[in-house]
1. Could you put Met519, Met333, Met429 in order of accessible surface area, largest first, with the 1.4 Å probe and the full protein assembly present?
2. With every protein chain left in place, what is the accessible area per residue of the stretch 218-277 in square angstrom, probe 1.4 Å?
3. As a test question: what accessible area, to the nearest 10 Å², does Leu74 have when a 1.4 Å probe is rolled over all protein chains in place?
4. State the extension gain, in nm to one decimal, for the chain segment bounded by Ala574 and Ala667, taking 0.36 nm per residue of separation less the distance between their alpha-carbons.
5. With a 1.4 Å probe and all protein chains left in place, how much of the accessible area of the stretch 40-184 comes from carbon and sulfur atoms, in whole percent?
6. Provide the FRET efficiency to the nearest 0.05 for the Ala652-Arg207 pair, computing r from the beta carbons and using R0 = 35 Å.
7. Which aspartates and glutamates, on any chain, are close to Lys457 with Cα under 12 Å apart, when same-chain ones fewer than 8 places away are left out?
8. For the stretch 304-351, with all protein chains present and a 1.4 Å probe, just round the carbon and sulfur fraction of the accessible area to a whole percent.
Amino acid sequence: MSAAVVSAGRSVRDLSRALGRGAAPPARTAAKIDPSVIPGLAASLRCGCALVTGTRGTTTTTRIIAGAARSAGLSVITNRAGSLAGIATALVASSARGGALQPDNAVIGVFEVDEGALPRAIEALGPRLVVITNLFRDRFIARLWQPALRDLATGACVVLNADDPAVAYLGDDLPARVVYFGLADRQWARPGLDRAAGSRRCPRCGRGLRYELSFYAHLGHYACPDCGWRRPDPKFEARRVDLPGAEGSRCQVSTPAGDRTLELPLAGLGEVSDALAATAGASCLGVGPDIPVTVPRRGVAGCRQPMDIDAIAAEVAAAVGLAEGEAGVRDVMRVIARHEPAPTGQISREAELPVPIVTAVCNELRKRAVVDSSRPVRLTPEARELIGERHLAVECPGCGGLGLRAPGELAPLAAALEQAAAGAPRARMELDQSHCTVSTKIHRVLRLHQAGALEGKNILLLGDDDLICVAITRFVALAGAAPRLVTVIDADPEVLGWIGELTSQAPVRVRLIEHDLRMPLPGDLAGAFDVACTDPPYTEAGAELFLSRAVDALARKPGQHLFFSYGARRPAQALATQRLIASLGLVIRSLAPNFNSYVGAGILAGSSHLYHLRTTEQTTPRIEGEYAGPLYTADARVAQDRPYRCARCGAAYLVGRSAAAGWAQIAQLRAAGCPACGGTRFLPGQRLPGGPTPRNPPQ
């Protein structure tokens, strides 16, 4: 039967080619006629077969093992697709019309297998080797693997990633031989489990694992404090890893046969882990580690070795310590693909990440050959093939995505505000001042006008180094729609003096009050306004204080307007901002991302969001009395120390201005070197509060 089945499959393929319809997979026809065709052909593999599965890195691992087998003089059959049909296609294509594989006493199968197909592949092929690289997506699939792995012959070998808890646990109580591999170079690790990886539970007892360190995502060194289960000791271990750049990597590997060096044309910890898995697998097959392991830049049939974008995103998120995780890295790559070549500031605005974070992400992507070394930022040709996208121009060309367009008749307003901004007092960084652009001044006034929050209203500006009061008075002179009163409260007398000089002849009544908002509002201002606008310091404490004063100033009835400019973008900050707004009893009428642009505010890419908030029956301030805590960005930095851990030996040191800190700045610690080992690379931990205690964030 087998001969007829294989012959039918090959005949269908040849007929399909003759008709110009491509090469129909012969395995599809053969498998429909006889489902046992795979076990039958697999039995002809004189040297057995190896299966490689996992979420990431399986293609690289499979090709390395196949290359090592060829170097040892074996004939290798391998597949292009990881399904059972893909394996069958490879087997049928290598068989003779007589129904058996081509006569060769040294033929071995090295097959990449999809995660979901592993149990059926083990049953059909009876492999002598199974390699599992990692498990990122559905960790519960490991439960489906366990029965199949237990059915392996006692002479088989299972190679598992010791750094992945879900994979490592599969080795417990297997009748087959189990070999572990893992990373050990601490210079590429972070203390504990990276936040982007989420929590990881012990596969034995279900309690939380405690990580000593993590390399990327959830891969690292761990133990369960409850049941005692821990990371197995790997027989194949990368003791030292060098990642000089996009051209490749080098690692010193400890093996049962002794130490050796791997030279890899692929850069990244993920690729090193893949090569480590392949080295262990090749050794179990008896074709290594004496034979040099190489990773070809080109794969089967001259195809280029594809980069693993999933693994790269996980590695970069872990290397940067990105709170947004892999999704944040993908956002950066998406923005680059859409707008390349793109300056860092533009990427920061569209990905909603601070400029230093975007810079760090791009640097890590350069190491992995995703981003080109040139400036502005652009993808490499290989990355462009994988993640480049066809961009549809859906943004409004008239408003630039702001939802507002400044009409031509406001051109004199722009000219007048340019002059006003040119003579304004310098921005005081200690007060978190950063002047918005003239375009933003105009658009803020237009947003007030559009919302019905301008004409006939009592308007309060809490801090006005942006000169919005001047913009309102100039707008009224051109377009009408005059408010009843504009009141400015600011702690900077120079700002108030400049506003007074520019509005002395304005068609609108303007009231200027010098006041520190750490103190409660003057009594006659409470409940006196229809509209409040504020662009507070970019700290949680600043937002809470300024919003509380704004709420106190608004009339005690629902529907009053509060325009709030704020630049929080990180997930924890954004969540805290939303909780704060809700705790004040305010509702979000609209949110315009990146509405405000600033001059020289580099860390936030010169932009912030504009929230249009409305009061409700439950609106009430969170701070009513005097406020004595840290307020501005500089206050928070002075009040905090930060621990740094040596990347080489793991020793921790405190850096900051408190009496307990040994160094005032990290540069001083780097210059001195680690007191324990002399290392100069340190990994930052979370800042430790000190000095005045900040208020608890709203729950």
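1. Descending order: Met429, Met519, Met333.
2. Working: 2400 Å² over 60 residues.
Result: 40 Å² per residue.
3. 40 Å²
4. Numbers: separation 93, 0.36 × 93 = 33.48 nm, distance 3.06 nm.
This chain segment gains 30.4 nm when fully extended.
5. Numbers: 2470 of 5150 Å².
Roughly 48 percent of what the probe reaches on the stretch 40-184 is carbon or sulfur.
6. On the way: r = 25 Å, r/R0 = 0.73.
After rounding, the FRET efficiency stands at 0.85.
7. The reachable aspartates and glutamates, counting only those whose Cα sits under 12 Å from Lys457, are Asp530.
8. Here it works out to 43 percent.
The values are calculated or read from the model by the stated rules, or taken from the named source; none is laboratory data. Please read these numbers as outputs of a predicted model, since none were measured by experiment. Using ideal geometry, Cβ is built from the backbone for each residue, glycine included, and neighbour counts are taken over all protein chains shown. The area values use the complete protein model at the heavy-atom level, side chains included, leaving out ligands, DNA and RNA. Shrake-Rupley method; radii C 1.70, N 1.55, O 1.52, S 1.80 Å.
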